[in-house]
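What follows is one structure encoded as structure tokens, with my remarks underneath.
The values are calculated or read from the model by the stated rules, or taken from the named source; none is laboratory data. Everything numeric in this text was worked out from a predicted model, so none of it was measured. Cβ: placed from backbone, ideal geometry, glycine included. Neighbour counts: every protein chain shown. Calculation scope for accessible area: heavy atoms of the full protein, side chains included, ligands and nucleic acids excluded. Shrake-Rupley method; radii C 1.70, N 1.55, O 1.52, S 1.80 Å.
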Amino acid sequence: MERNLKNVLVISFGFLFLFTAYGGLQSLQSSLNSEEGLGVASLSVLYAALILSSMFLPPILIKKLGCKWTIAISMCCYIAFSLGNFYASWYTLIPTSVILGLGGAPLWSAKCTYLTIAGTSYAEKAGKNAKDIINQYFGVFFLVFQSSGIWGNLISSLILSQSSTKVEISEEDLECCGAYNCLTDSTNTTESAKPSSSLIYTLLGVYTASGVLAVLLIIIFLDQIKSDQAETEKEKLEKPSFWSTFLATFQHLKDKRQCLLIPLTMYSGFEQGFLSGDYTKAYVTCALGIQYVGYVMICFAAVNSLCSLLFGKISQFTGRKLLFALATVTNTACIIALLLWKPHPKQLAVFFVFPALWGLSDAVWQTQTNGLYGILFEKHKEAAFANYRLWESLGFVIAFGYSTKLQVYIKLYILLSVLVLSVVMYGAVECIEAKSSPGTPTAMKKENGGALTQETHM
């Protein structure tokens, strides 16, 4: 096997093992650690730390440690979060969430840098176009990586379904599920249906082992990039000072189009935060039990992955406006339906319809918004995508931050309001573009959208 391709596969499977653990654990946080909202508070802190990490840490660590050891050490930050869940409390989970958030940005930056250098190196030897090889490497990576959401949630569901204490949820308790949930009563219901400590420890043990396996895979099998190969990349990292990079992110807000896209970018964080933090707890765990959370999130991950691939291919024929319209209508219908629906175990199929439709919409928000940034801000991509990560992460922070303070129906109204505002402002951006450059193609740089989409998912 060609050496560079071997390294790409090592990174891909390393990320697969790591995010099999983290993805499954993130979906369970609001249900597993529901006391005083500890689970969602930890996720809010995590994404806040990620914002700070994105601005300062990646260039420093990659320059000092190189890509291989930056990836390995950053992966250890994710393992720390798994360990913090063994004895979940404010004194263990919040610090480990900060550690994970700080490690998230260097992990993804080092991965992108490694794949780029590896692709360029191979292209020079083979006499091929570097851009084509790099795109192939990213394609291989995401082909492997995107299945992590399925495996992580499948593991949680299979383990938690072994619980011998099947709790029958009374009709009275079911009244506390859904949009108009009773905050205190639903918490009690969630607690009574919580699996035994032994099952939870088994699950966390499997997740921790998966993370350790990822680190060992990187340390043992991933080749360190030679200093002469990385020199060009290091020079790029050294040229702008950290403060100039930091200021460039905010100077980019002078562009009116960037300001108009802030609500749309934040909405991506809001809607993902609602599904993993509120839908899983107030609908699935409340009415069915925590063992169904994994199966529901598998449905979301599978549809999201398939639609991301589909929309990436058909956008050149349909244009982005039609896809944005599809996502808007689908998401709006879901929000209204969730406001009206009273979840009941007899309606099992409905619990999977919502995440499937949500996955379809999210595929549009991720691929097309990333692609839109690549097209609009082609000359300032670094500052533009820094803004993308900043505002989407802020959306996560806010969504998880108010998760335990507001009832679900209020959060749905907030979600709907942000969606309407996002679409209106996105429409204004399209009008500006139509006036300034009527010939702009609608399908460019899809690879940018694809490669960066998962970074914002942590």
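When Y87 is tested against the conditions (1) part of a helix (DSSP H, G or I); (2) over 23 Å from G139 (Cα atoms), the lone failure is (1).
Modelled with pLDDT under 85 and among the β-branched types (V, I, T): which single residue out of I60, I71, I79 fits that description?
From the options I60, I71, I79, the qualifying one is I60.
Checking Y373, Y413 one by one, the residue that is open to solvent by 10 Å² or more (accessible area, probe 1.4 Å) and over 26 Å from I150 (Cβ atoms) is Y413 and no other.
Hey, any hits in the range 299-310 for a residue that's buried (at least 21 other Cβ atoms within 10 Å of the Cβ), among the aromatic types (F, W, Y) and assigned to a helix (DSSP H, G or I)? Checking the range 299-310: at least one residue is buried (at least 21 other Cβ atoms within 10 Å of the Cβ), among the aromatic types (F, W, Y) and assigned to a helix (DSSP H, G or I).
The criterion of at least 2 residues that are open to solvent by less than 30 Å² (accessible area, probe 1.4 Å) and at pLDDT below 75 is met, among helices (runs of 4 or more DSSP H) falling completely within the range 118-203, by 183-192. Is it the case that the range 43-54 has a residue that's modelled with pLDDT under 85, open to solvent by less than 50 Å² (accessible area, probe 1.4 Å) and more than 22 Å from Q272 (Cβ to Cβ)? Among the residues of the range 43-54, not one is modelled with pLDDT under 85, open to solvent by less than 50 Å² (accessible area, probe 1.4 Å) and more than 22 Å from Q272 (Cβ to Cβ), which makes the answer no. Of the residues S27, S34, the single one that is touching an Asp or Glu at 6+ places or on another chain (Cβ under 8 Å) and open to solvent by less than 10 Å² (accessible area, probe 1.4 Å) is S34.
Please tell me if K64 is in the same structural domain as T202 (by the TED database), in contact (Cβ under 8 Å) with a residue 40 or more places away in the chain and within 19 Å of A105 (Cα to Cα).
no
Going residue by residue through the range 167-177, is there one that turns out to be under 30 Å from K64 (Cβ atoms) and either outside the structural domain of V206 (by the TED database) or among the aliphatic types (A, V, I, L, M) (or both)? No, the range 167-177 contains no residue that is under 30 Å from K64 (Cβ atoms) and either outside the structural domain of V206 (by the TED database) or among the aliphatic types (A, V, I, L, M) (or both). Select from the range 376-392 the residues that are of a type outside the set (A, V, I, L, M), assigned to a helix (DSSP H, G or I) and open to solvent by less than 10 Å² (accessible area, probe 1.4 Å) and list them in ascending order. Those that are of a type outside the set (A, V, I, L, M), assigned to a helix (DSSP H, G or I) and open to solvent by less than 10 Å² (accessible area, probe 1.4 Å): N387, Y388, E392. Please go through the range 51-65 and give me each residue that is of a type in the set (A, V, I, L, M) and in contact with a helix residue (DSSP H, G or I) (Cβ under 6 Å, 6 or more places away or on another chain), ordered by number. Within the range 51-65, I51, M55, L57, L61, I62 meet the criteria. The single condition among (1) assigned to a helix (DSSP H, G or I); (2) over 21 Å from I51 (Cβ atoms) that K342 does not satisfy is (1).
Candidates T96, T70: the one that is in a helix (DSSP H, G or I) and within 19 Å of the chain's Cα centre (by Cα) is T96. From the list V293, V303, V284, the lone residue that is touching a residue at least 40 places away in the same chain (Cβ under 8 Å), within 27 Å of S157 (Cβ to Cβ) and touching a Phe, Trp or Tyr at 6+ places or on another chain (Cβ under 6 Å) is V284.
When the range 1-41 is limited to residues that are of a type in the set (S, T, N, Q) and modelled with pLDDT of 90 or more, the one that is farthest from Y402 (Cα to Cα) turns out to be N7.
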